[in-house]
1. Check which residues have an amide H placed less than 5 Å from residue 68's amide H, if you skip close sequence neighbours.
2. Work through the residues other than residue 194 whose Cβ is under 11 Å from its Cβ and net out their charges, Lys, Arg +1 and Asp, Glu -1.
3. Label the chain by shape, choosing from rounded, prolate and oblate, from the square roots a ≥ b ≥ c of the eigenvalues of the Cα gyration tensor; if a/c is under 1.5 it is rounded, and otherwise prolate applies when a/b is larger than b/c, oblate when it is not.
4. Between residue 10 and residue 32, what's the calculated FRET efficiency when r is the beta-carbon distance and R0 is 30 Å? Round to 0.05.
5. Lysine pairs in the stretch 155-303 8 or more apart or on different chains: how many have alpha carbons under 22 angstrom apart?
6. Out of 75, 192, 132, any idea which swings most in a Gaussian network model of the chain, alpha carbons joined below 10 Å?
7. Would you compute, from DSSP H runs of 4+ residues alone, the mean residue ellipticity of the chain at 222 nm, taking -39500 (n - 2.57) per run and dividing by the full residue count, rounded to the nearest 500?
8. For the stretch 41-99, rounded, prolate or oblate, judged on the Cα gyration tensor with a ≥ b ≥ c (square roots of eigenvalues), a/c < 1.5 rounded, else prolate if a/b > b/c?
Amino acid sequence: MTNLSLLNRRVLKDKLTGKLMHALTILSLFALLIMGIGLIYKSSNILSAYSLWDLLTGTEWSPLSGEFGFFSFILSSVYATLLSVIMAVPIALLTALFLTERAHPVVKKIIFPVLDILAGIPSVVYGLWGTLIIVPWIADKLGPLFVDYTSGYTLLAGGIVLGVMIIPLLVSLFIELFSTIPRDLKEASASLGATRWQISRSIVLRKASPGIIAAIVLAVSKAFGETLAVLMVCGNMVGVPHSLFDGVYPLPALIANNYGEMLSLPMYESALMFAALVLFVIILLFNALSRIVLQNVEKKFKL
């Protein structure tokens, strides 16, 4: 009788835990839905006054004259994010491979806390670093080699700062992924004569490829929505960038720069809410597409 009562309590706890997990999952999805509905509602003024196509493809930005073109802001965000990922992913991958496959335990004990510290540094500190170091370097050293003049507050500066910001996150995620690769696979490859690089390339990277994609998606989402660091180094120049040495104006910087000052203008406030909605939708679509790619990769690279 006692054993039966104990079993019933365990079954009841299991059912309650399952329902709680289910409720929390629905709640998180509901919060996402409410956020989207709220942004659509707050953007209704500008959406009713202008067509969606004109807003997304327009390049003119003069709110006081009724010009609301978001194309340059969207393009600036995409360019800065892609540039940061292109810079950060190879460095993070090679660093994580070295730390997991070749580094001495003493080196790991030193590097791992440093990565945690770098990942926890506020973005404004990275922005200040970019303003004091990267911007002058581009303006005085690198820029004159390619263009006649640049202020240093450029797309390149934003990409470098964002790249440095996401490297600690990527390295930490990659290390966790590589550490889960079964040691038997590596030893079997080594017994067949594979070199360390061949093991890293053909076993570690192949086995961890779905996780690598997921980590990159997380880093892209973080970089795309970054505000302060980008605002401080990108120049905040409205216009479509034509080179790495042009100033850019990403969507998060547009919202942060103008929201508090323009609440008295309903159309301007609606335009900024629409910018937030565009940012929200782009990240959602990117994550949805990445999940599809991730599923295909998991099927292709199963060992």
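The values are calculated or read from the model by the stated rules, or taken from the named source; none is laboratory data. Source: prediction; values computed, not measured. Glycine gets a Cβ as well: all are built from the backbone with ideal geometry, and neighbour counts include every protein chain shown. Keep in mind that these areas ignore ligands, DNA and RNA; they rest on the heavy atoms of the full protein, side chains included. Shrake-Rupley method; radii C 1.70, N 1.55, O 1.52, S 1.80 Å.
1. Amide H to amide H, under 5 Å and 5 or more residues apart or across chains, residue 68 pairs with 62.
2. Every neighbour counted, the sum reads +2.
3. oblate
4. 0.35
5. Here the count comes out as 7.
6. Top of the fluctuation ranking is 192.
7. When only DSSP H runs of four or more count, the value is -23500 deg cm²/dmol.
8. prolate
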